[in-house]
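Notes for the one structure printed next.
The values are calculated or read from the model by the stated rules, or taken from the named source; none is laboratory data. Owing to the predicted nature of the structure, the values given are computational and were not obtained by experimental measurement. Positions of Cβ are generated from backbone atoms using ideal geometry, with glycine treated the same way; all protein chains shown enter the neighbour counts.
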Amino acid sequence: MIQKKICMVGVFGTGKTCLVQQFVHSRFSVKYHSTVGVKIDRKVVPVEDGEVTLLLWDLAGRDGHGDITVSYLRGAHGVLYVVDGTRRETFDQVFELRDIVEKAVGPLPSAVALNKSDLTEEWKLGKADDKALAARSWHQFTTSAKTGAGVEAAFAWIAREAVRQGSAPS
Amino acid sequence: MSVDAFGLTDTGKVRENNEDHFVIATLRKAVDLGQTSLENGLLAGRVRESAARLFVVADGVGGHTGGELASGAAVQCLLEYVAQAAGCFHDLGVDQENEFLERLEAGIQRAHERIQRELGAGGEAPSTTLTLAALVGLRAYLVHVGDSRAYYLTRGRLRQLTRDQTMGEYLLDAGAWTEETAARARTAGNLISTVGGSEMTPSIGLVDLMPGDVLLLCTDGLTKHVADPQIAEVLGKNRSASESARELMDLALAAGGTDNITVIVAKLGE
């Protein structure tokens, strides 16, 4: 079966691990655990021509303004960037993170998950931010790792794009 | 890169049997040249030894001698499997890296099935925790089941690489318990995932280390008695792996030694 490595990238505490846990195990953790190194999960997902195994590399979140460990990105087929919609600064930093990733491994299929959509009262993003992402041709999903809203759609999209990119003539 | 690694295990002061086991091993792939008509220089850099260091700790569960048998069988089975499957660690590329992790995981699955088949006749099988770290270059691959832990010390900071697969952690995560409830509950330390048990969910990960970092694998006989800051202090001293392992063991024994204690310390050369 085809395997595709998808890296979860974002600032610390944006919910990368929770998104993977919701997607793979259908569960949500209320307790925050900072990821150390990389945690790897797998899930088989259907795509147009069959199935693909997603290898989900949940990278430790960027802490402060330190860089992410680019050696973990080697061989990635796609990236899901994660923003905490209740923390404006995590949105602001996602553009810089994409630059770091693309400098390390080149352009890859990627999308942004605007996470924690269940926290509607604390939501800090607006239409201008949607436009900023669209202006950079960045596919976006509004997700909640807690309720599961948008989670399947985000991973299904990145799986499809990773497979499509992998089979495209060079 | 040199690695100074040392392991110790002790029954402790309360238990009658030691149900812990550990292994430190080196997986090698090398070609020993006999004769050749080629100039040696042509082979330089192509025929070379590659090595992966393997560290495993296991803490048996099951009472009497069952736990001891389970942890021993798990470590032995895992090592046999990895020895057969080894070779894929040479110059790990992206695809081989995943294959390597799958083989480590398959080794644990095989141990799980062997324990259930051979030790579970007529009832519930004894089981064991198992924490494995495979060091290939500076990258440590981790496969973990249960509550034996892996840590690493980097730039003086201790980081826990594994999360305990216990009832307490599970219910805290789910929001069903508070920290206070977990601290009081007698069932908080019950394992929800073990090799040979009714549930086994290996957790997989990796971390890139730096020269000078220290890797620690240990059973809960250490962490029940020695807090993380103490562990960090010991590992941060400029001592050999054997001296550090001995000091950690002595701290756990001095604090009560209520359980079997196993530690592996691996110090990466500068």
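Of everything in region B:11-65, what is modelled with pLDDT under 75, assigned to a loop (DSSP other than H, G, I, E, B) and among the small types (Gly, Ala, Ser)? Give them in sequence order.
B:Ala30, B:Ala44, B:Gly45, B:Gly62, B:Gly63
Kindly evaluate B:Gly189 against the criterion of being of a type in the set (Gly, Ala, Ser) and without any contact (Cβ under 8 Å) to a residue 60 or more places away in the chain.
Details: of a type in the set (Gly, Ala, Ser): yes; without any contact (Cβ under 8 Å) to a residue 60 or more places away in the chain: yes.
Yes; evaluated as a whole, the condition is true for this residue.
Go over the candidates A:Met8, A:Met1 one by one and state the one that is in contact with a strand residue (DSSP E or B) (Cβ under 6 Å, 6 or more places away or on another chain) and either among the β-branched types (Val, Ile, Thr) or surrounded by fewer than 17 Cβ atoms within 10 Å (Cβ to Cβ) (or both).
The conditions single out A:Met1.
I need a count of the residues in region A:9-39 that are of a type in the set (Val, Ile, Thr), touching a Lys or Arg at 6+ places or on another chain (Cβ under 9 Å), facing another protein chain (nearest Cβ under 10 Å) and in contact (Cβ under 8 Å) with a residue 12 or more places away in the chain. I'd like the intermediate steps shown before the answer.
Here is the first cut: in region A:9-39, the ones of a type in the set (Val, Ile, Thr) are A:9, A:11, A:14, A:17, A:20, A:24, A:30, A:35-36, A:38.
With touching a Lys or Arg at 6+ places or on another chain (Cβ under 9 Å) added as a condition, the list becomes A:9, A:11, A:14, A:17, A:20, A:24, A:30, A:35-36.
With the extra rule that they be facing another protein chain (nearest Cβ under 10 Å), the set shrinks to A:30, A:35-36.
Going one step further and asking which of them are in contact (Cβ under 8 Å) with a residue 12 or more places away in the chain, we end up with A:35-36.
Summing the residues that are of a type in the set (Val, Ile, Thr), touching a Lys or Arg at 6+ places or on another chain (Cβ under 9 Å), facing another protein chain (nearest Cβ under 10 Å) and in contact (Cβ under 8 Å) with a residue 12 or more places away in the chain in region A:9-39 gives 2.
Quick check on my filter: what residues within region B:190-212 are among the charged types (D, E, K, R) and either in contact with an Asp or Glu (Cβ under 9 Å, 6 or more places away or on another chain) or over 25 Å from A:Lys5 (Cβ atoms) (or both)?
B:Glu199
Tally time: how many residues in region B:156-170 are more than 10 Å from chain A (Cβ to nearest Cβ), surrounded by fewer than 20 Cβ atoms within 10 Å (Cβ to Cβ), under 17 Å from the mean Cα position of the chain (by Cα) and without any contact (Cβ under 8 Å) to a residue 60 or more places away in the chain? If you could, list the steps in order and put the result at the bottom.
Our first condition is that a residue be more than 10 Å from chain A (Cβ to nearest Cβ); within region B:156-170, this holds for B:156-158, B:164-168.
Pick out the ones that are also surrounded by fewer than 20 Cβ atoms within 10 Å (Cβ to Cβ) and you get B:156-158, B:167.
Filter again for under 17 Å from the mean Cα position of the chain (by Cα), leaving B:158.
The next check asks that each one be without any contact (Cβ under 8 Å) to a residue 60 or more places away in the chain; those that pass are none.
Final tally of qualifying residues: 0.
Quick test of your reading of the structure: A:Thr14 fulfils all but one of (1) surrounded by 15 or more Cβ atoms within 10 Å (Cβ to Cβ); (2) hydroxyl-bearing (Ser, Thr, Tyr); (3) over 12 Å from the mean Cα position of the chain (by Cα). Name the failing condition by number.
Unmet condition: (3).
Between a first residue in region B:116-127 that is touching a residue at least 24 places away in the same chain (Cβ under 8 Å) and among the aliphatic types (A, V, I, L, M) and a second residue that is part of a helix (DSSP H, G or I) and surrounded by fewer than 17 Cβ atoms within 10 Å (Cβ to Cβ), which pairs have beta carbons less than 9 Å apart while being 6 or more apart in sequence or on different chains?
Hits for this filter: B:Ala125/B:Arg117; B:Ala125/B:Glu118.
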